[in-house]
Amino acid sequence: MPNKMNRRNFIQTSALAGAAVAVPGTATALDAKSQKKTPFRSTLNLGFIGVGMRGYGHVSLALNRSDCNVVAICDISDVMINRTLKMVEEKGAKAPKVYKNGERGYLEMLKDDSIDAYDAAAWLAITPLSEQS
């Protein structure tokens, strides 16, 4: 006889799943680059593609969080890069690695395995990034 889902089985299964997530160290995430399960970490290393007006604001918000590290930035404008680096310094954070090599400079950043997530605020990068995903 097949295993039927009834109210009791549903509640038991849900409770076990909830407990597994609630117990620290038992949850895992799927690493998109390696397709391997990795344990959750307490901080995310972020890379920012485009640190002009919108991207600058995103970097500022990330720097206000204790669970995020701004580890890399990329932009075609030296003015925007320098302005962002100044803000990072003023907030007391470690200076991020800077990528700048024209409109496709972000491609080098994507090769950095230490970056967990990217914020793309540069419209020139958004479509190519979505195509690569």
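The values are calculated or read from the model by the stated rules, or taken from the named source; none is laboratory data. Predicted model, so just to flag it, every value in this text is computed and none were measured. Backbone-built Cβ (ideal geometry, glycine too); neighbour counts: all protein chains shown. Heads up: the accessible areas ignore ligands, DNA and RNA and are worked out on the full protein's heavy atoms, side chains in. Shrake-Rupley method; radii C 1.70, N 1.55, O 1.52, S 1.80 Å.
Structure notes:
- Summed over the stretch 59-79, the residues that are of a type in the set (Gly, Ala, Ser) and assigned to a strand (DSSP E or B) give a count of 1.
- Residue identified as closer than 14 Å to residue 118 by Cα and open to solvent by less than 20 Å² (accessible area, probe 1.4 Å) among 51, 71, 88: 51
- Across the stretch 35-58, the qualifying residues are those that are over 30 Å from residue 83 (Cα atoms) and part of a strand (DSSP E or B), and the one among them that is modelled with the highest pLDDT is 39.
- Pair list, Cβ < 7 Å and 6+ apart or interchain, from the stretch 113-129 residues that are within 18 Å of residue 96 (Cα to Cα) to residues that are modelled with pLDDT of 65 or more and basic (Lys, Arg): 121/54
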